[in-house]
1. Roughly how big is the stretch 65-127's charge dipole about its Cα centre, with Cβ charges of +1 (Lys, Arg) and -1 (Asp, Glu), in debye to the nearest 20?
2. Assigning unit charges at the beta carbon (Lys, Arg +1; Asp, Glu -1) and nothing else, what dipole magnitude in debye, to the nearest 20, does the stretch 8-102 show about its Cα centre?
3. Based on the Cβ-Cβ distance of R15 and N104, what FRET efficiency does E = 1/(1 + (r/R0)^6) give at R0 = 22 Å, to the nearest 0.05?
4. Step through the residues of the stretch 12-21 one at a time and calculate ³J(HN,Hα) from phi using the Karplus curve (6.51 cos²θ - 1.76 cosθ + 1.60, θ = phi - 60°), rounding each to whole Hz and writing x for Gly and Pro.
5. Report, in debye and to the nearest 20, how large the dipole of the chain comes out about its Cα centre when Lys and Arg carry +1 and Asp and Glu carry -1 on their Cβ.
6. Quick one: how many lysine pairs in the stretch 16-173 have C-alpha atoms under 16 angstrom apart, if they're 8 or more apart or on different chains?
7. Can you compute 3J(HN,Hα) from phi for each residue in the stretch 150-164, using the Karplus curve 6.51 cos²θ - 1.76 cosθ + 1.60 with θ = phi - 60°, rounded to whole Hz and x for Gly and Pro?
8. Can you run phi through the Karplus equation (6.51, -1.76, 1.60; θ = phi - 60°) for the stretch 122-130 and list ³J(HN,Hα) in whole Hz, with x for Gly and Pro?
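Computed from the coordinates by the stated procedures, all read-outs in this text should not be read as laboratory data. These numbers were taken from a predicted model, which means no experiment stands behind them. Virtual Cβ from ideal backbone geometry, glycine too; neighbours counted across all protein chains shown.
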Amino acid sequence: MRYVSAYVSNPSSTRTERVVLLLDDGTNASLVSEELAKKLELTGTATMISLALGGGQIYKTPGYYSKIKIKGTMPYQGMKVFEKMTHVKILPNPTGKVAVLDWNQYKRYWPHLKDIDFPILPEDRRIMGIIGTKDNDLLNGIAPVVVADNISDAPSAKRTVLGWTAIGRVLPAEVRASEIMTSDCHYLYDCAET
């Protein structure tokens, strides 16, 4: 799964949190957790929110709509740091306890990734929101995708306006031995340590 570290703030106040956001081009909605909304003191219109799941199922949950500002953590090649206002759905816990691994720890195993400045993650690596295709400008690449020559199962990296992301195998086969780990699995806090 692709993710970024970004600043999310309440446009009506100075409340800001640096969090991990999942970039999901398989959903069209952008969502943030109720926990983050409380920290930011977001307000909005309470409603039942419907989410379409696989197999035509509809999941309904209480939530509300609000507005946030998203700001990147690093400029790219002379560009100023990207920021955008957007509307989001606030849900109790849109991603469960899913946390991400730190590509800065694993890029040393992949020569084509070693010079990429992946985002510094906040201490709390849980995913606090999802950016969907309604905010496609946050998902799109702004630099060529970085892939490995002659390694068909190597991860690839993509630079978005919010920072570098990567997807694919975390460790090369010779390092992994019999352990199977991929970045598109759902990592819990200490999954990367096991």
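1. Dipole about the Cα centre, nearest 20: 240 debye.
2. Result for the stretch 8-102 is approximately 260 debye, rounded to the nearest 20.
3. The calculated FRET efficiency here is 0.20.
4. Once rounded to whole Hz, the list reads 8, 8, 9, 5, 9, 9, 8, 9, 9, 10.
5. 580
6. 20
7. 6, 10, 5, 10, 7, x, 10, 10, 9, 9, 9, 5, 9, x, 6
8. Values, residue by residue: x, 4, 8, 8, 5, 6, 9, x, 10 Hz.
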